[in-house]
Structures are given as C-alpha cells and as structure tokens.
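First up is the structure itself, then whatever we jot down about it.
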C-alpha cells in the first residue's frame, strides 16, 4: 500500500491507523505486514463498506476532518487507471515501529561470485519469460542506470509502458536488491550495478572453425 510522505509521518507517530481504498478486489490481507518508509505496519482489519458507513471518528483515524473529506481524498488519490465505482474498503492497521529493511543490506552487497551472477541472471530471464509485454529487466536496469532520479512516469513513457505496471516491475527488481527507490525515481544499488555490468559484457565470439579439405 502506498502512502504520501505526510501520511507516513502520521503513521510513525501513531496518529493514522486507518485508510480507505477503492479496489476491484482487496489488495491487503489481515495479518499482512507492509513497509511504510522506515516503519512496518500490520493490517488488523479489511472490510468492504459503503460511503455512508464512514463516521467522523473513522475519517479522523484516516487523517481527515470529515467523512466527505476522506471520500474526496480517496477519489483524488485514485490512479487514473482505477475504477471510481470499485468497492470501497476500510483497512485498519497498527504500526510495528521502525524496522531495518532487509533489502537495504542486500542492495549494498556487491561482492558477487560468478554463481551469484548466474542465479540472478536466471531469475531475470524467468521474469522476462513470464512478462506479457516482452523482456524488460535489462532495459529497465539500463534506463535507471542512465538516468538516476528520473521520474517513473518518464522512464515508463520512454519504454512505451504504463506507469503503474512499470513501477510494479521495478519493485520486483528492488526485491532482488538491484534498485533503490529515491524521493523521485530510482537508482541502481551497488549490487544492481555489478549485475548490469555483467549482463552488458560482450560475449566472446566463438573462433572460426577450420574445415579440413575432403
């Protein structure tokens, strides 16, 4: 689940414990843990509700002054590709406090052996093979390396891709420790740079075969 910076700070202070989302189907589950900045939250309730069910107390728990303000925020924050008539869900959560991101240690680990490179290359190949829009992993790593901090929408447009799906793919690379999210855009991690360098190494051409005269 994505939150704005002000909301992340309110979650860290324990002031925001509820969010409202319109989803075609639930995108969070009870017991699920999600990273919000340096903190981790645990979802305690996911309920489908009607707009008329939202009380003033609920709205304030979601960081708004009134039910209407909360509903207006849902509409304003909804992606352009979202369905404004999708069911409304109420998601309650609790903060588990600040926790180290294991991906940070992974991203910093650039002491990769040949077998590590081979394993990561195989995983990237599988991602490409499963993709409905064709191979994307190498092009995405290269684009981020070339323009660190460039907006995701611009990176996606340069590849003729939808921004939402592009961001989802970058998160897959981040899970492997290959990219780092910035306030705007991304950059390659030390680990990601090693992997990209290996992927871009020219393959050694096979020597011409000599054919003995018949």
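In summary, residue 93 fulfils each of the numbered conditions (1) modelled with pLDDT of 95 or more; (2) surrounded by fewer than 18 Cβ atoms within 10 Å (Cβ to Cβ) with the single exception of condition (2).
Per the listing 15, 50, the residue uniquely more than 19 Å from the chain's Cα centre (by Cα) and under 19 Å from residue 84 (Cβ atoms) is 50. Taking every residue in segment 169-180 that is outside the structural domain of residue 137 (by TED's automatic domain parsing) and pairing it with any residue that is surrounded by fewer than 22 Cβ atoms within 10 Å (Cβ to Cβ) and at pLDDT below 95, at least 6 positions away or on another chain, yields no pair with a Cβ-Cβ distance below 7 Å.
What about residue 115, is it more than 25 Å from the chain's Cα centre (by Cα), assigned by TED's automatic domain parsing to the domain that holds residue 192 and assigned to a helix (DSSP H, G or I)? The answer is yes for residue 115. If you go through segment 153-184 and keep only what is part of a helix (DSSP H, G or I) and either out of contact with any helix residue (DSSP H, G or I) (no Cβ under 9 Å at 6 or more places or on another chain) or more than 21 Å from residue 195 (Cα to Cα) (or both), you end up with 153, 154, 156, 157, 158, 163, 164, 165, 168, 171. All of 10, 28, 57 fail the test of being free of Cβ contacts under 8 Å to residues at least 12 places away in the same chain and either in the same structural domain as residue 93 (by TED's automatic domain parsing) or within 14 Å of residue 94 (Cα to Cα) (or both), apart from 57. Considered as a group, the residues in segment 125-152 that are touching a strand residue (DSSP E or B) at 6+ places or on another chain (Cβ under 6 Å) and not in a loop (DSSP other than H, G, I, E, B) include one that is surrounded by the fewest Cβ atoms within 10 Å (Cβ to Cβ), and that residue is 145.
The values are calculated or read from the model by the stated rules, or taken from the named source; none is laboratory data. Since the model is a prediction, treat every value here as computed from it, not as a measurement. Because the Cβ atoms are built from the backbone with ideal geometry, glycine has one as well, and the counts that use them run over all protein chains shown.
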